[in-house]
Amino acid sequence: MVFQIIMDYVLSWQKCALEDYYSLNPERWRHSQILCLIGPPGCGKSFWQLLFTRLLNGGSAEPWPLLTNGDAGKFTKDLAEAPHWLMSDKPPFRNLAARATFTANVKTHVVSNTLDVHGKGKDKVALPTFRRLTLSVNEDAENLTTIPNLDESMRDKLLLVKCGKAEMLPEQKANLERFTRQRAAWIHFLLHEYRVPPELGNVRMGVRAYAHPDIEEKLSDFDPAARLVECLDKVFFAAADTPFERGTCAELQATLCADAKYGAIARQILPASSVLGQLLAKLQVKDPKRFVKKNIKGRQSGKSSRRDWRRAATPS
């Protein structure tokens, strides 16, 4: 049952991609999630990406430099010409800021049908360009950090699919030749015979977002907000009789980062007090009884105001 649900998500995503691509009409292009294929090495993730490229007439390009560094120094003519933005075997992110940059850039490019096209020796110009993004990742804890952050603003832009080993012929060349012979039939099936199940449909993107429960659970271990709660509990609420802690974001950040045991984690997830404010705001939405924000008068002049956070007790 779970396998069939995952297959329907993948087939529906492919169908929507082919419908938009072969329409040749930018006004019909829908936004689309980035499809993340997650599984053990050698299970066929990269081969699936190769097959999808063939469905789109063989056009693929590597968007990793653009998505990790923005457009600084990156010519984008190859990306403009490639309907498949393919990423495979990418290095895991070592810090939260780099992963946040990647997440923000992916978010931009999955919901935009234009691209600043920049060829060597040419002026940059914004043009309508078709693209579908895929990312293949090994399932171990370290490599999962390559996946964009699973936050509320990104959740509807992700398809996180758990993969298993495929039954194929021993040689990739033979598998590719077998698929190539069936390519036209497969395109016809997706365009004219397969139907997106009504419960999976989405007006904006054609198919709803999806995150496999196992992958979502593992990704929660890397959630900066969850790590912040861990630090707060251990630094401020280690004693059972601690009623609450209050202070500005700058004050709380300084205390957390200076802690002998949890300071290293805090410094990793809190490069600036503004980041702490963003994470606390996220936590307040999830649990308003435990995280309380107040604006109080400034300490010196009595006229200005400062943002003051109080955290209710009862840590989990």
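The figures follow:
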{"read-out": "Selected residue (only one of P213, P197 is without any contact (Cβ under 8 Å) to a residue 60 or more places away in the chain and in the same structural domain as K15 (by TED's automatic domain parsing))", "value": "P213"}
{"read-out": "Sole exception among (1) buried (at least 20 other Cβ atoms within 10 Å of the Cβ); (2) part of a loop (DSSP other than H, G, I, E, B) for L66, by number", "value": "(2)"}
{"read-out": "Residue ranges of strands (runs of 3 or more DSSP E) in region 102-162 with at least 3 members crowded, with 21+ Cβ neighbours inside 10 Å, of a type outside the set (D, E) and at pLDDT 90 or above", "value": "132-138, 158-162"}
{"read-out": "Selection within region 188-217 - out of contact with any helix residue (DSSP H, G or I) (no Cβ under 6 Å at 6 or more places or on another chain) and crowded, with 16+ Cβ neighbours inside 10 Å", "value": "N202, M205, A211, H212, I215"}
{"read-out": "Condition check for V235: closer than 17 Å to A97 by Cα and surrounded by 14 or more Cβ atoms within 10 Å (Cβ to Cβ)", "value": "no"}
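Yes/no matrix, rows are residues, columns are (1) at pLDDT below 85; (2) more than 20 Å from F237 (Cβ to Cβ):
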{"site": "A260", "(1), (2)": "no, no"}
{"site": "P271", "(1), (2)": "yes, yes"}
{"site": "G277", "(1), (2)": "no, no"}
{"site": "F291", "(1), (2)": "no, no"}
{"site": "R299", "(1), (2)": "yes, yes"}
{"site": "D308", "(1), (2)": "yes, no"}
{"site": "A312", "(1), (2)": "yes, no"}
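Per-residue answers, yes or no, for (1) part of a helix (DSSP H, G or I); (2) more than 18 Å from D156 (Cα to Cα); (3) of a type outside the set (S, T, Y); (4) in contact (Cβ under 8 Å) with a residue 12 or more places away in the chain:
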{"site": "Q4", "(1), (2), (3), (4)": "yes, yes, yes, no"}
{"site": "L18", "(1), (2), (3), (4)": "yes, yes, yes, yes"}
{"site": "F93", "(1), (2), (3), (4)": "no, yes, yes, yes"}
{"site": "A98", "(1), (2), (3), (4)": "yes, yes, yes, yes"}
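The values are calculated or read from the model by the stated rules, or taken from the named source; none is laboratory data. What you are looking at is a predicted structure, and each value in this text was computed from that prediction instead of being measured. Note that we place each Cβ from the backbone using ideal geometry, even for glycine, and neighbour counts take in every protein chain shown.
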